[in-house]
Amino acid sequence: MSRALSIAASLAVFVVGCRGEVSTDAPITPLRNMHFQQRYNSQAHSAFYGDGRTMRNPPEGTVARFPGGANVQYADFTVGHDESFLEDDITLGHETDSPAYVMTIPDRVTQAAGGLDAMVRRGQQRYGIYCTPCHGGVGDGRGLVYLRSQGPDGPRYAYPQPANLHDDRIRHIPDGQLYATIANGVRNMPGYAAQIPVSDRWAIVSYVRALQLSQINTGATP
Ligand code: HEC
């Protein structure tokens, strides 16, 4: 047997021999820098706080945003739904018993909003908060989030161009689909179900329609 081979063989025995051993010895740690930090264990006593407890209560007045635990927001699309529309098909952009999106905003939604006028005004305000950053005030898809990604010498970082809401296709999607886009998002656009309650989603739909009408044949947007 050559020397190299016997070295390799004994190394293999050595390595394999280390496996599966349970040791009670303290591990050898050449760099201990962050191994031992001053911290409290949960439920432990604290000499720091007056009440002697490590775990703190939420500040007074804190409102539980997601009754049932913080994670329900990811599983449950009823979060952000108005009481009046809970467990209702219009919260999906459908009308009862039909899998198809409603073509127009359901009447009872408009009524609950206090009429079309009030609804569009509310929608304008909510659009300004939730949609303008990406889609821009006129809805051409050139909001600040997008513009900031575009440097003078080409893109600073990749940000997908938000849709131009005046595209012919988007002008013609059913109101229910526009609603569902706001609630659930689409491709690169995140959903806003957790932030925007049902009635406000419909209000935004009404405003987007008004915005689209306002730009028809103005030549301002394609
Ligand atoms: C964080 C940025 C961002 C915000 C905020 C945002 N969008 Fe979008 N939106 C996008 C992007 C990006 C796309 C294109 C998605 C794609 O094609 O991948 C898009 C696409 C769309 C579309 C096209 C859907 C389709 O069928 O192609 C509509 C309609 C839309 N958004 C409406 C809205 C409305 C209404 C709001 C306000 C509630 C809103 N968006 C808020 C980024 C945003």
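Each residue in region 140-157 was checked for being open to solvent by 100 Å² or more (accessible area, probe 1.4 Å) and either within 11 Å of the ligand (Cβ to nearest atom) or among the aliphatic types (A, V, I, L, M) (or both), and 1 of them qualify.
Among the residues of region 179-191, which ones are assigned to a strand (DSSP E or B) and either exposed (fewer than 15 other Cβ atoms within 10 Å of the Cβ) or more than 10 Å from the ligand (Cβ to nearest atom) (or both)? Selection gives V186 alone. For region 158-178, does any single residue satisfy the condition of being more than 9 Å from the ligand (Cβ to nearest atom), farther than 21 Å from V120 by Cα and outside any helix (DSSP H, G or I)? Checking region 158-178: at least one residue is more than 9 Å from the ligand (Cβ to nearest atom), farther than 21 Å from V120 by Cα and outside any helix (DSSP H, G or I).
Selection of region 22-48 for residues being more than 36 Å from the chain's Cα centre (by Cα) and either among the aromatic types (F, W, Y) or open to solvent by 100 Å² or more (accessible area, probe 1.4 Å) (or both) yields V22, T24, D25, P27, I28, P30, L31, R32, N33, F36, H45, F48. Within region 109-117, identify whether any single residue is surrounded by 13 or more Cβ atoms within 10 Å (Cβ to Cβ) and modelled with pLDDT of 95 or more, and answer yes or no. Checked region 109-117: at least one residue is surrounded by 13 or more Cβ atoms within 10 Å (Cβ to Cβ) and modelled with pLDDT of 95 or more.
The values are calculated or read from the model by the stated rules, or taken from the named source; none is laboratory data. Just so we're clear, the structure is a prediction, and the values are computed from it rather than from any experiment. Virtual Cβ from ideal backbone geometry, glycine too; neighbours counted across all protein chains shown. The accessibility values were calculated without ligands, DNA or RNA, using every heavy atom of the protein model including side chains. Shrake-Rupley method; radii C 1.70, N 1.55, O 1.52, S 1.80 Å.
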